[in-house]
Each structure stands twice: as C-alpha cells, then as structure tokens.
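Take a look at the structure set out below.
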C-alpha cells in the first residue's frame, strides 16, 4: 500500500481540521442521508476523548459520528479519486453524500476507497460512524458486556484487557488523493546486500492497474542523482559503493517508478527506502553484518489532548530525546504506529520493532508463577479467544503498509499472550507462518512474553527468532527487593541462554512506577531513587549474559490508562513524564547508553 504523496501525476487533499461530532445515545436513529444533527465540533486527527469537558463523551462506549464537507476542483474530476483513512478506531462505516461506500474493522491500519461514483458536482458531505467497542474477537481484546434498562435502552460496558486507555476516533490523517485512471498500484523494494564488495542488488516489483507501454525504474541517491535505471514490473538494479542505512545514521535512496504510454508520462511515484542487511545468527542480532544492541523503549502514541492521535511535534521531540540519550530503538507497543512516525524513523535512523495490536490475548493478568507447576497447564485463553481472523487481517495489513521501511527490523506478532497455556502453539504457528510468507524482506519475528512464560512453560519459543521478555522482578514480583530481583533476572536469562543457545535474548519491557518529584532516603518503590537503582540492577545482569542483545525499558513516558487503584492518572513507569520532563533515571541511562555502541557490542 502506497503512502499518499503529491507527484507530477498525483495531487493530495488533506481533510484535517474541525469536523462535526456526536456520540450516539441510541435513542433515535441517525440517518446518514441527512446532515448530522449536531453543532459540536472535534479536531481531526486526534482522539475524541480528551477534546471536550464532558465526562460522558470521554468515557463513552458505543458509537460516535463524525462529519465534514469538501469540494473537488473541476480539473481533478476525470482523475481516479481515493479517500484514505490513516486509521479509524476501532470500526468504521463510511458514507459519502448519504451512501455507504466502505467499512473497515481494526483501529490502527489504513484503508481506502475510490469515491468518483459518489461525488456531487459541488459540496460533498462525508459522514463516518465509528465504534470504540472491543471484545474477544477483536484486537486489542476487550471484555465487553451490555444490559437493557426498563425503557429498553442498551447500556454498553467495556473493561479493557490491556493497560492503556481506549482512546478512539479518527486518530490519524484523512486524505483524498488523485491518480490517473491507469496508475501505479503498489511498489515493493527488496535490497540484497553484498557486504564484502560494498554493493547491493535492489529488486523493485511494481503492481499496476491499467495499461502502460513502458515502466521505468530509476534509483536516486540522497542527493537526488540517478545511480541506476531499469525497466519492467520486476526490475533488478545493481549499486556499487552502496551507502548503507545504519542505526542512528540513516541513508535513504529513492525508487522512482514512472509509467509511460505513447512516450508520455501517465503516472509516477517515488518510494524512499534504505539498504541494510538483517540477520539473526549464533545468538546475535546482526545489522549489516555487525552485532546490534537494542537501546531504547517501549512507548505509546499518547499525549495531552491528542490522546492517541497523530501529533507530529511530539514525534519529533520523542526521537530527539531518544537520540540525545544514545537510544537507538523502540517497539510500537502495542499497535502499529502512524505511517508518519515510521517515515520519520526511516529518516532519523531509529530501529523499530513493529508490533501488531494483539494485546490482551490472555484470560487473566497475574504474576502467580506457582499456577504453572503442571506441564500441561490450561487457563482457557485459547478456548475463549476468537481473534485468529482479526490477527491474520492485521498481519496482512501491517505488512502491506510497512514492508519497505528500512527502520523496521523485526515484527512482533503479539504482546504478553498466554503462550504458557495449552493451545498456544496451535494458535500462533499459522500466524508466524503467514508473517514469514508475506514479508518480502524476510525480517525476524518475535512476540513479547509475559512473566508466566518462562524457559520451562513457554510453548511457543520455537516460533521466534529472538526471545523478547517483559519482566518485572523487583516490581510486580518481589516489590522493592532488588537483591532478589537481581538473582531472578540472572537465573532466568542464563536458563534461556542454555536452553536456546542460538537465539538472541532481549528485554522488551522492564520498569518501575515512579512519581516525578517523589524522593526517598530509603530507596522506596515509587521514588525516583528506586527507579534509578532498579535500572542499575538490571544493567549489571544484562552485561553478564553474552546472548543478551538489547534493553527496551517500559516506558519512554508516563501514559494514560483506565482508572484503577494502581493507576493514578495513568501508568507512571515512564522515565519521562507525560509532558516529556525527565526523571532522575534519564541521566543514568544516558551515561550508560552513550558508552554502549549500537554496532559491534558483545561480539562472540
């Protein structure tokens, strides 16, 4: 799926701005053939939840409605016109001038529809009905229930099966782009690097719709100079003295594809890409033939007012803060982030573990390891979850969207699923097989494992290329006891290394809730002193384990969650506050990370 851009043959209309908005109280039917009966406005793109002073709107479970108007310039009316949503969370029914034109379920991937047949000559009214409901067929997973009062009115309830707020709405840009009627449909770029000779072969596969006499592919360097040319829907181009895309040192080429008919340009599109080689070998994660060490974070798309909505200035700031600390990577926990963020990471050399929204695939959250004494443990997760279809869909959609990004070095198929429960392997093997089949660049695959999935109990480790652990020794287990946490951390990592000697191991979550400004002479949990000592303890162990290849702490910044007695205005495990102000641990981590090279560390 191509990101919408302006080219010599394509134009772009951004529908960002104020849209009419209302929650659906389901008392009277809303007729999309009529203008939306409200004067309330909401800004798009953004979550709707935090944009008003209404508690009813913020906590609404059910349906909401959006509406805007637009016009198409007459010179574009003979072009193919496509309406594109960066996302619509979590399910959308789209109407244009009262006619339903498309439907999409899944809140973090783009979808689009051709709109020519539905347009008016002048004003056009675009209406979107959204659902923010989640259940055990959706990703993420929610615990949904409903009841009916004495008047027959439905009351809907949702208890998220995950630890972040269920922000929803039109959270990413909504755009209309034009193409010619005969057009370039998709481009797939697959670089193959010969490190010994500093060369690369770049295969560019192009899908087209309609007829072209010739398809020309030109590779441009970062200065915009042509470095290779070829023709055809499958073009193999050779580059000498290749500039590699390196962590924190990005170099981007452009694959410019141009379709001709009668020697005239019909359509053209330019795809940015980087050239790098990803391998997992002998307990190491290699980028361009050198051992790579992940330094960074799990994070969230989460900011004041915007909620989970697209916020470009914060994205720029976040990557700047990461790079200033010597960090080189993050995981898109727990859903695919915006395309704009992925493009920014390509430019900035930030390494990304790209994660599906498969969070909540677990019957109950707890850290009671004693329940796993039976080797045939079963908790009911894989009997109650009906998410396989949604999981396959999102793998297809994330691959279609992100397949060409140089920043993406690994796919995370799920976060903290019940891989310790009977039935997990049967559920996950087809998903890993699908991901490996669909990815043209054959990146490694993993999932992040919850603490109950350990070297003895985890039934799916054979499926992953990299063992990715979410661990909270000293916090959820043995709270405050860092001596016991150090021993538990060391013992488990060494057990994993012994049992799976060819698989690299990394932490994708570890952390401690910390209230900014809370200090303690006694190293008490929740204090800034405890958070720093917690990370010092973990770092000591990490450096002892040869096959340990990365530390991504939880979390980059404090973030909003549902209400709970353990959550006062959200999760406080950030090393930055939600406003991106540093806690004490930032200085320690910066000092550590700037001294650890991204490449060439822990050579075996």
* Structure fact -> For the chain the mean separation of alpha carbon contacts under 8 Å (6+ apart) over residue count, i.e. relative contact order in percent, is 13
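What ranking, highest mean first, results for peptides 264-274, 142-152, 226-236 when packing means the other Cβ atoms within 10 Å averaged over each residue? Spell out each step's value before the answer.
Values: 264-274: 19.1, 142-152: 11.0, 226-236: 14.8.
Top of the packing list down: 264-274, 226-236, 142-152.
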* Structure fact -> Ordering 494-502, 555-563 by per-residue average of other C-beta atoms within 10 angstrom, highest first, gives 555-563, 494-502
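Could you order the peptides 374-381, 353-360, 133-140 from most to least packed, using the average number of other C-beta atoms within 10 Å per residue? Working shown, then result.
Numbers: 374-381: 13.4, 353-360: 26.0, 133-140: 20.4.
The peptides rank, most packed first, as 353-360, 133-140, 374-381.
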* Asked: Over the Cα atoms of the range 464-604, how large are the radius of gyration and the largest Cα-Cα distance (Dmax), in Å?
  -> 15.4, 46
* **Overall form of the range 278-381 per C-alpha gyration tensor (a/c, 1.5; a/b vs b/c)** => oblate
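Could you tell me what fraction of 2.2 N^0.38 Å the Cα radius of gyration of the range 1-151 comes to, as a two-decimal ratio? Please list the in-between numbers first.
Details: Rg = 16.7 Å, N = 151, 2.2 N^0.38 = 14.8 Å.
Normalised Cα radius of gyration, the range 1-151: 1.13.
If the viscosity is 1.002 mPa s and the temperature 20 °C, what Stokes-Einstein diffusion coefficient in µm²/s follows for the range 183-273 when Rh is the Kirkwood radius over Cα pairs?
On the way: Rh = 13.6 Å.
Diffusion coefficient, whole number: 158 µm²/s.
Rule-based calculations on the coordinates, nothing more; no lab input. Remember, it's a predicted structure, so these values are computed and weren't measured experimentally. Positions of Cβ are generated from backbone atoms using ideal geometry, with glycine treated the same way; all protein chains shown enter the neighbour counts.
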